[in-house]
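What follows is a single structure, written as structure tokens, with notes after it.
Read-outs throughout are calculated quantities, based only on the coordinates presented, and are distinct from any laboratory measurement. Since the structure is predicted, the reported quantities are computational estimates derived from the model, not experimental observations. So basically every Cβ, Gly included, is an ideal-geometry build from the backbone, and we count neighbours across all protein chains shown.
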């Protein structure tokens, strides 16, 4: 005989009571059980249906028991009730849901297959449900799991027995077994009625057949697989930690990854405190003594804003003996501490702020794990629970130690890398110019940025004043990163300054620099070091008198030029081979630059992170975006071209705005070959100095001009030319001839008739020297027009 409704809801009596005790729901099953229609009881106090006092129900939990309820005909009926409290989703109170099975009118048949279901005595939790998925039988193990005796639970559905949102998943599985006549396994994580916390379950469901082979119900066998579930979770957590911790060589980031990894999988709140390197000189101490100073490196909470924390990352605090952090560090092992209900422990009383947090958030268990790697103690990680009711156990300790040990190695790697990087950066910055010289030829501004990940490299820049108010600009890039690259850069920068001091042409200077790089490579090979030595370089010399710039490059990006009234463009220069190849020539090019032209010299790290053409276009745009301060232009270029996380390679940038020297500040004379005509030349020099308002320098200038001109007439080759250049603080005297033989300073003996001229020049001038030109040489001398205190120099009487 088929049923009209095989899933009759009236087989369960169900009532819902509001927080104020008013009945708000009454189903057909309740009417069948007690006879009261819904319209007669809804809106009335539920206590009116009781024959005795109402029980005090513990809000927020489950209750079951037998109450005497008044039937519609006036008699009392003893009814077993299962009550569950369900809070409202908006937090405004909740409701009590009461259910009880309605007794069947007919007893089960003697040949009922459900009653004959086996394994009722099995230690495995087994329950049998009928075609309506109402409980018919369950063994003692299932009674313990559900927390209800069989006689009270019989007739209830699974979703009514288990107050867990995931119970519907098993209910769907049982309906599927009924419909398909096939067994089904379902794994779930839920809290059964008799359990204090959620467990992992493997539910095996199979159809129950009668003797005719018809499906008459479902047999449910529940297996608690919490241990294997936790083991898989821990293994998965360890595997994830090996991937997610140590993604960078940054100490703070690695510590934060450790904290993020363990919340909420292991703890509700995690802090990572490391020994303060400033107090211990950068290296962790061999032994830890209390009190110990720790710096907060990272923390994480399941609550937004990490409200449990009493200090922010970066702050330090001294932890006395008795604190969880200090005790774990001094003992060198993991310490687990628990707070009993209503009790206190010294670990939570040493700091009043922490005591308030412990009580405010209900912190009940902590686990302090030393962060140790390679025999060094780096700090301590503290794991805290306040939301999860269970405390830390031995399995939690093993898991925390495994993850912390993996993180400690990564933190130590990051610490060592950071220390090496800081050393290389300090070396790099000590080898780079602290400030750029102020010259009459140009205004300059520069920037250097180390690579975000690869570390300090060998990029450098320099501005070198030369004779005749000329100035050299250089930008270079040594292959590699680290201390070795910085040291090689320092040697190359020193070599460039030395070669520039003897006024070599740009192509000749690069040739000598190429020889130096080859020698460095040979030394590197002899000492067994790995890696090759190579470099690129761009060298330029600008003359403010002629406003011409001579440039040569060795495998380096060409400079970008921004004319005062034009668009930026890249100079077309001969490429030249990188330094270190040897035997290949370098070529130079000469260009005329209008006053106010901006030259941009840079290393390839500036544009390496982008497509070559796109990077060049962005450089053009950033360079021409605004005139004025070169410092602002440098910042704008770096901000535009470099990615947010920093450049992949280190970057050197040098911007220079050219200045010209007016023709009125330069005077030139052709010198005749007759030594007797030196006196008229001296008078012309004195007259020129009077025109410039430099009469106080006439005496010294006359002596210097006389010595240089006389020396050129005697030992040089014609034609000879004298040039005076007047700067704001310097008077430069230059004598040029077509001989390539340069004079040398020497001390004359007592009876020598010559040899004192250049010695006299060296004593009277600020500095002097010689430089070779394409058609000879030039002897030059600089006379200071003002002393360091701003007063005119003593020039004679």
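So the values come out like this:
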item: FRET efficiency estimate (nearest 0.05) - Cβ-Cβ, residue 24 to residue 166, R0 25 angstrom; result: 0.45
item: Peptides 359-368, 321-330 ordered by average Cβ neighbours within 10 Å, highest first; result: 321-330, 359-368
item: Pairwise label distance in nanometres, residue 95 with residue 122, each label 7 Å out on the Cα-Cβ vector; result: 3.8 nm
item: Structure-derived volume of the Cα convex hull per residue in Å³ - corresponding label in (i) 188; (ii) 312; (iii) 297; result: (iii)
item: For region 125-224, convex hull of alpha carbons as volume per residue, Å³; result: 84 Å³
item: The chain - percent relative contact order, Cα under 8 Å, separation 6 or more; result: 6 percent
item: Segment residue 494-residue 86, length gained on full extension (0.36 nm per residue, minus Cα span); result: 138.9 nm
item: The chain, helix-only ellipticity at 222 nm - DSSP H runs n ≥ 4, -39,500 (n - 2.57), divided by all residues, nearest 500; result: -9500 deg cm²/dmol
item: Gyration tensor (alpha-carbon) shape descriptor, region 9-101, a/c threshold 1.5; result: prolate
item: Net length gained if the chain between residue 690 and residue 718 were fully extended (0.36 nm per residue, minus Cα distance); result: 7.2 nm
item: Estimated translational D of region 434-658 in µm²/s (Stokes, Kirkwood radius over Cα pairs; 20 °C; 1.002 mPa s); result: 122 µm²/s
item: Label-point separation, residue 728 to residue 54 (7 Å along Cα→Cβ), nm; result: 9.3 nm
item: Nearest-ten-degree value, helix 394-431 long axis tilted from longest Cα axis of the chain; result: 10 degrees
item: Cα centroid separation - region 223-264 against region 654-673, whole Å; result: 71 Å
item: Protection proxy ranking of 293-302, 648-657 - average other beta-carbon atoms within 10 Å, highest first; result: 648-657, 293-302
item: Ranked packing of 705-715, 476-486, 15-25, most packed first, by mean Cβ within 10 Å; result: 476-486, 705-715, 15-25
item: From the C-alpha gyration tensor of region 231-421, square roots of 5λ in Å; result: 24, 20, 15
item: Förster-model FRET efficiency, 41 Å R0, residue 546 and residue 610, C-beta, rounded to 0.05; result: 0.65
item: Estimated FRET transfer efficiency when R0 is 45 angstrom, pair residue 239-residue 581 (beta carbons, to 0.05); result: 0.40
item: Taking the C-alpha atoms of region 663-784, convex hull volume expressed per residue in Å³; result: 107 Å³
item: Relative contact order of region 9-101, defined on C-alpha pairs under 8 angstrom at six or more residues apart (%); result: 29 percent
